Amino acid sequence: MQPDALYAAVLSGDTKGALALAQAAIESGTDAGEMVTRRLIPAMDEVGRRFEAGEFFVPELLLAGRAMKAVLNLVRPLLASGRAEPAGTVVIGTVQGDLHDIGKNLVGALLEGGGFEIHDLGVDVSPSRFVDAVWRYSPDLVALSALLTTTLPAMKTVVDALSAAGVRGSVKVIVGGAPVTRE
């Protein structure tokens with residue numbers, strides 16, 4: 001694989017090309033984690049930068065996301081292989097009102113590659129579904145994702161629901177997504 005060919009394919013939204021390059025890289029022994037951290041993440045970072053600069057628009061964002069997701073689905077089993085005991089258990093989902101999952105899927109794959117058992121609740125997840133998942137899976141971590149600024153308050157709603165259900169003290173909660181700040 002050429003050093004930046006996979007990066008370029010994802011950046012340009014070339015799903016077929018990205019998949020072919022990723023498959024060739026796997027067959028040549030390239031580490032799946034390296035593909036994610038050195039090609040996919042930087043490509044999506046650049047997509048985000050170009051989007052914010054007005055150089056990319058929603059179609060380019062969606063095409064790049066689709067290419068990245070296809071490669072991620074290809075390498076996900078390789079990221080998790082070789083682990084006997086999970087490093088921990090994670091419940092992950094995009095909060096209610098938000099249908100975006102690229103960042104969530106990337107974080108989930110990286111955590112899975114790090115040895116965590118992942119329970120992905122998908123998108124548009126209600127607070128009660130997060131609470132139910134905590135009861136069902138007894139995770140160490142609940143990961144909340146949002147892309148839309150309007151769905152940022154839903155993260156607090158989930159944390160409040162975990163507290164009301166009496167399970168907040170048993171899990172760590174992480175939040176991520178475009179509208180999230182250090183505060």
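Side notes on the structure shown:
- Filter result for E27 (modelled with pLDDT of 85 or more, over 23 Å from G108 (Cα atoms) and not aliphatic (A, V, I, L, M)): yes
- Some residue of segment 114-123 being in contact with a Leu (Cβ under 8 Å, 6 or more places away or on another chain), farther than 25 Å from G13 by Cα and open to solvent by 60 Å² or more (accessible area, probe 1.4 Å): yes
- The set of residues in segment 1-17 being open to solvent by 60 Å² or more (accessible area, probe 1.4 Å) and in a helix (DSSP H, G or I) consists of S12, K16.
- Counting the residues of segment 123-173 that are β-branched (V, I, T) and under 25 Å from F51 (Cα atoms) gives 4.
- F51 free of Cβ contacts under 8 Å to residues at least 12 places away in the same chain and open to solvent by less than 50 Å² (accessible area, probe 1.4 Å): no
- Filter result (in a helix (DSSP H, G or I) and open to solvent by 10 Å² or more (accessible area, probe 1.4 Å)) within segment 18-31: L19, A20, L21, Q23, A24, I26, E27
- Any helices (runs of 4 or more DSSP H) falling wholly within segment 82-183 and containing at least 1 residues that are farther than 23 Å from P42 by Cβ and modelled with pLDDT of 85 or more: 127-137, 152-164
- Being in contact (Cβ under 8 Å) with a residue 24 or more places away in the chain, in contact with a strand residue (DSSP E or B) (Cβ under 8 Å, 6 or more places away or on another chain) and either surrounded by 15 or more Cβ atoms within 10 Å (Cβ to Cβ) or over 19 Å from M68 (Cβ atoms) (or both) holds for only one residue in V131, V175, V159, and it is V175.
- Within segment 89-111, restricting attention to residues that are under 14 Å from M155 (Cβ atoms) and small (G, A, S), the residue that is least open to solvent (accessible area, probe 1.4 Å) is G93.
- Count of segment 11-43 residues which are of a type in the set (S, T, N, Q) and either in contact with a Ser or Thr (Cβ under 6 Å, 6 or more places away or on another chain) or more than 18 Å from P77 (Cβ to Cβ) (or both): 2
The values are calculated or read from the model by the stated rules, or taken from the named source; none is laboratory data. Note that this is a predicted model, so its numbers are computed, not measured. In this analysis, Cβ positions are derived from the backbone assuming ideal geometry, glycine residues included, and neighbour counts consider all displayed protein chains. Ligands, DNA and RNA are excluded from the accessible area calculation, which covers all protein heavy atoms including side chains. Shrake-Rupley method; radii C 1.70, N 1.55, O 1.52, S 1.80 Å.
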